[in-house]
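Chemist: Quick one: the structure is below, and I'll ask about it shortly.
The values are calculated or read from the model by the stated rules, or taken from the named source; none is laboratory data. Keep in mind that what you see is a predicted model, and the values were worked out from it rather than measured. Glycine gets a Cβ as well: all are built from the backbone with ideal geometry, and neighbour counts include every protein chain shown. Heads up: the accessible areas ignore ligands, DNA and RNA and are worked out on the full protein's heavy atoms, side chains in. Shrake-Rupley method; radii C 1.70, N 1.55, O 1.52, S 1.80 Å.
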Amino acid sequence: METVILVVVIAVVVLAALGGLIVGSRRKKPLPPPPPSAPDITAPPAEPHVGDEAETPREEPRRTIEEVDLPDGSAPAAVAEPPVVEELPPTEIEVPEPTAGRLVRLRARLSRSQNALGKGLLTLLSREHLDEDTWEEIEDILLTADVGVQPTQELVDGLRERVKVLGTRTPEQLRGLLREELLKLVGTDMDRVVKTEPEGRKPGIVMVVGVNGTGKTTTTGKLARVLVADGNSVVLGAADTFRAAAADQLQTWGERVGAYTVRGPEAGDPASVAFDAVKEGKEMGTDVVLIDTAGRLHTKTGLMDELGKVKRVVEKHAPLDEVLLVLDATTGQNGLVQARVFAEVVDITGIVLTKLDGTAKGGIVIAVQRELGVPVKLVGLGEGADDLAPFEPEAFVDALIGE
């Protein structure tokens, strides 16, 4: 019995000892780390990067490009040098083609107009019997060629009389007869010289006028070439300040032949530019000043009045020596309306007919001279720089009727 009690007591003691060990192990905690002697200061995070650059940049020793070992066969990258701006060469001054006989040399272009006038008349006049129907056809050809009513009647009457007297007609006789009658209408006794040499003073002053689309600015540039070819020095006045490209266009024409261009601000006062151009020409001792005016519509009364103002301002220096009206030869009778209105504003002294080759009808030369009482002095026969020619009646008529 005592033995059993002893065993129980020993078991209780062992269990109590084991329970104390387990509870002690659970309550045991690790000691905290000792505090640092000085706090660490953390640098602010760097801006985010991509790939290999995502980490915070570190100070590293840097090497020059000479110290970097390059792979075999490769060369150091070339350092791009700033582009060298080359100065443009000065505009080469051209030597214009001489004006003497220029219309004769351009005769082939002018002869394109002969189909409507010269060949048609010669064909009808070659008929064996010239009855009233034939004469009416001749009148129709002349009217269609823009000769005009009164000149047509005069030409038909002259042809009727001479054919009646002549009797039998050979082709050569008919051509000679027609040539003489056309020359009477075109006029061989009119003064067709462009006045650029006023007596006792310099420069000669020429103003060029006309409506939009007639080729006025181009004609002014070509006229400068004509004058330079004849040995004159020229100053150009870009008084067309309403068309943005007009002054640039005129200056380009002038630079080609060594002519100085006076220009003003865009939409500036045209009269002021014209005044300055003449002043500059006088100071430079220039032979001729050419003034290009705006291509104003002949139906705009205010603009026409301004053209009159340009003329009055220029004449504070000296009288105008020439006022040339540029007309498009293909406009026909509408060109006569333009001519009439311009003549009321400024005293037209001469006509320049452009685009006389191709579809133009040669009779406009006769009609416009009759309308204004002033001669055709220059004709344009193409787009080339030297296609503006002094008007020569004999060469013109010969081109109309052909060989």
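Chemist: Six or more apart or on different chains, Cβ atoms under 9 Å: show the pairs whose first residue is in the stretch 232-261 and more than 19 Å from Ile205 (Cα to Cα) and among the acidic types (Asp, Glu) and whose second is in a strand (DSSP E or B) and modelled with pLDDT of 90 or more.
Modeler: Asp248/Ala238; Glu255/Thr261
Chemist: Ala224 - would you say it is in contact with a Phe, Trp or Tyr (Cβ under 7 Å, 6 or more places away or on another chain) and either open to solvent by 30 Å² or more (accessible area, probe 1.4 Å) or not hydroxyl-bearing (Ser, Thr, Tyr) (or both)?
Modeler: Taking the combined requirement at face value, the residue satisfies it.
Chemist: Okay, moving on. Name the residue, out of Gly363, Gly350, Gly402, Gly384, that is under 28 Å from the mean Cα position of the chain (by Cα) and more than 16 Å from Val208 (Cβ to Cβ).
Modeler: Result of the check over Gly363, Gly350, Gly402, Gly384: Gly384.
Chemist: From the list Val376, Val346, Val310, Val368, pick out the single residue that is over 25 Å from Arg256 (Cβ atoms) and either among the charged types (D, E, K, R) or without any contact (Cβ under 8 Å) to a residue 60 or more places away in the chain (or both).
Modeler: Val368
Here is a yes/no grid of residues against (1) within 27 Å of Asn334 (Cα to Cα); (2) of a type in the set (Ser, Thr, Tyr):
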site	(1), (2)
Asn212	yes, no
Thr217	yes, yes
Val228	no, no
Ser233	no, yes
Thr241	yes, yes
Pro270	yes, no
Ala274	no, no
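Chemist: Something else about it: Can you name every residue in the stretch 161-175 that is surrounded by 12 or more Cβ atoms within 10 Å (Cβ to Cβ) and part of a helix (DSSP H, G or I)?
Modeler: Arg162, Val163, Leu166, Gln173, Leu174, Arg175
Chemist: Go through the stretch 174-196 and report how many residues are hydrophobic (A, V, I, L, M, F, W, C) and over 30 Å from Leu290 (Cα atoms).
Modeler: Summing the residues that are hydrophobic (A, V, I, L, M, F, W, C) and over 30 Å from Leu290 (Cα atoms) in the stretch 174-196 gives 6.
Chemist: If Leu327 satisfies all but one of (1) in contact (Cβ under 8 Å) with a residue 60 or more places away in the chain; (2) open to solvent by 10 Å² or more (accessible area, probe 1.4 Å); (3) in contact with a Gly (Cβ under 6 Å, 6 or more places away or on another chain), what's the number of the condition it fails?
Modeler: Result: Leu327 passes all but (2).
Chemist: Separate question: Return only the number of the condition from (1) surrounded by 13 or more Cβ atoms within 10 Å (Cβ to Cβ); (2) assigned to a loop (DSSP other than H, G, I, E, B); (3) touching a residue at least 60 places away in the same chain (Cβ under 8 Å); (4) not hydrophobic (A, V, I, L, M, F, W, C) that Arg179 does not satisfy.
Modeler: (2)
Chemist: Counting residues that are in contact with a Pro (Cβ under 9 Å, 6 or more places away or on another chain) and farther than 24 Å from Arg243 by Cβ, which helices (runs of 4 or more DSSP H) fully inside the stretch 282-400 reach at least 1?
Modeler: The qualifying helices (runs of 4 or more DSSP H) are 364-372.
Chemist: Next up: Kindly provide the set of residues from the stretch 275-294 that are within 26 Å of the chain's Cα centre (by Cα) and among the acidic types (Asp, Glu), ordered by number.
Modeler: Selection gives Asp276, Glu280, Asp292.
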